[in-house]
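J.: This is the structure I have questions about; it appears just below.
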Amino acid sequence: MARLPRLTLPGYPHHVIQRGNNRQPIFADADDFEVFLAQLTEQALKHGVAVHAYALMENHFHLLATPDSADGLPKMMQSVGRTYAQYFNRRHGRTGTLWEGRYRSTVLEAEAYLLPCMVFLDLNPVRSGLVVQASDYRWSCASHWLGLRHDRLLSPHACYWALGNTPFAREAAYLALLESGLAASQQKSLVDSALNGWALGSATFLEEIQAKTVRRVTRSQPGRPRKAQTDH
């Protein structure tokens, strides 16, 4: 079966996942992380993509970003993927592909899933046992949104602004979200939707998204009767 084209819509937040080939490391040290972030910052600005959150892990990374145009996100990812792979191979004396196929992504309903997705990304290093607190991890956005440092890559989404009327109020509210964490079902929904390319949101949101593209946005068309229970 032919794979579906990516679902990319301007003006909507997208959760992006990219893994290293065979789950191999894509970052070996601090220099690699810094080079990647510098390239991402440059290409996000060039292609009109607002990056709201990120988490860079040893063998994969997550992004949460809103493109201004239909081709902004693909062009950004293509540029960063190509230039970073060339840099990494040259620096570490390796050849061949760095990435596990194309990046995976999906569109999120901002009001329901943007903040949970930010929390999911920032807690990734905690779940992996790398740090005790999300703000202690250098290669994610947690410390920026908690007011501990400034990251020029990041752009606040309206959902983050709505957390409070002052920077202190927003930072305190976001810290509370991090401390509360996410249910396992929320984590699964965020990962599965991105890996499979299905939009994530309410029935009304899915209908709104489906009206903007001929590409299917869910496993079955909105409103289509469910199949027998043997269909999982």
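The values are calculated or read from the model by the stated rules, or taken from the named source; none is laboratory data. Everything numeric in this text was worked out from a predicted model, so none of it was measured. Every residue, glycine among them, receives a Cβ derived from its backbone with ideal geometry; neighbour counts consider all protein chains shown. Side chains included, ligands, DNA and RNA excluded: accessible areas come from the protein's heavy atoms. Shrake-Rupley method; radii C 1.70, N 1.55, O 1.52, S 1.80 Å.
J.: Pairs, please: C-beta under 6 Å, at least 6 apart or cross-chain, first residue within 30 Å of I209 (Cβ to Cβ) and in segment 84-113, second of a type in the set (S, T, Y) and surrounded by 13 or more Cβ atoms within 10 Å (Cβ to Cβ)?
T.: Hits for this filter: T106/S193; V107/Y12.
J.: May I pose another question? Given the criterion open to solvent by 60 Å² or more (accessible area, probe 1.4 Å) and not in a strand (DSSP E or B), identify the matching residue among G164, G147, G129. Explain how you work it out, then say what you get.
T.: Values: G164 fails: open to solvent by 60 Å² or more (accessible area, probe 1.4 Å); G147 fails: open to solvent by 60 Å² or more (accessible area, probe 1.4 Å).
After applying the criteria, what remains is G129.
J.: In this structure, is R82 open to solvent by 20 Å² or more (accessible area, probe 1.4 Å) and modelled with pLDDT under 95?
T.: On the way: open to solvent by 20 Å² or more (accessible area, probe 1.4 Å): yes; modelled with pLDDT under 95: no.
It is false that R82 is open to solvent by 20 Å² or more (accessible area, probe 1.4 Å) and modelled with pLDDT under 95.
J.: Of the residues A55, A44, A50, which single one is under 25 Å from Y12 (Cβ atoms), at pLDDT 95 or above, surrounded by 23 or more Cβ atoms within 10 Å (Cβ to Cβ) and touching an Asp or Glu at 6+ places or on another chain (Cβ under 9 Å)?
T.: Numbers: A44 fails: touching an Asp or Glu at 6+ places or on another chain (Cβ under 9 Å); A50 fails: surrounded by 23 or more Cβ atoms within 10 Å (Cβ to Cβ).
Of the residues listed, the single one that is under 25 Å from Y12 (Cβ atoms), at pLDDT 95 or above, surrounded by 23 or more Cβ atoms within 10 Å (Cβ to Cβ) and touching an Asp or Glu at 6+ places or on another chain (Cβ under 9 Å) is A55.
J.: Scan H14, H60 and give me the residue that is buried (at least 18 other Cβ atoms within 10 Å of the Cβ), closer than 21 Å to W145 by Cα and within 13 Å of the chain's Cα centre (by Cα). Write out each step before concluding.
T.: Details: H60 fails: closer than 21 Å to W145 by Cα.
So the residue among H14, H60 that is buried (at least 18 other Cβ atoms within 10 Å of the Cβ), closer than 21 Å to W145 by Cα and within 13 Å of the chain's Cα centre (by Cα) is H14.
J.: Let me ask something else. May I ask you to say which residue of L200, L195 is more than 25 Å from S135 (Cβ to Cβ), open to solvent by less than 30 Å² (accessible area, probe 1.4 Å) and under 19 Å from the mean Cα position of the chain (by Cα)? Spell out the reasoning first.
T.: Values: L195 fails: open to solvent by less than 30 Å² (accessible area, probe 1.4 Å).
On inspection, the qualifying residue turns out to be L200.
J.: Sticking with this one: Which numbered condition in (1) modelled with pLDDT under 95; (2) within 22 Å of V49 (Cα to Cα); (3) open to solvent by 70 Å² or more (accessible area, probe 1.4 Å); (4) not polar (S, T, N, Q) is the only one that V217 fails?
T.: (3)
J.: Answer yes or no as to whether L190 is aliphatic (A, V, I, L, M), assigned to a helix (DSSP H, G or I), at pLDDT 95 or above and open to solvent by less than 50 Å² (accessible area, probe 1.4 Å). Break it down into steps so the answer makes sense when it comes.
T.: Working: aliphatic (A, V, I, L, M): yes; assigned to a helix (DSSP H, G or I): yes; at pLDDT 95 or above: yes; open to solvent by less than 50 Å² (accessible area, probe 1.4 Å): yes.
Criteria met by L190.
J.: Could you give me the residue pairs with C-beta distances under 7 Å whose first residue belongs to segment 172-192 and is in contact (Cβ under 8 Å) with a residue 40 or more places away in the chain, whose second residue is surrounded by 15 or more Cβ atoms within 10 Å (Cβ to Cβ) and acidic (D, E) wherever it lies, and which are 6+ apart or on separate chains?
T.: L178/D122
J.: Given (1) out of contact with any Pro (no Cβ under 6 Å at 6 or more places or on another chain); (2) surrounded by 21 or more Cβ atoms within 10 Å (Cβ to Cβ); (3) not small (G, A, S), where does Y137 come up short, assuming only one miss?
T.: (1)
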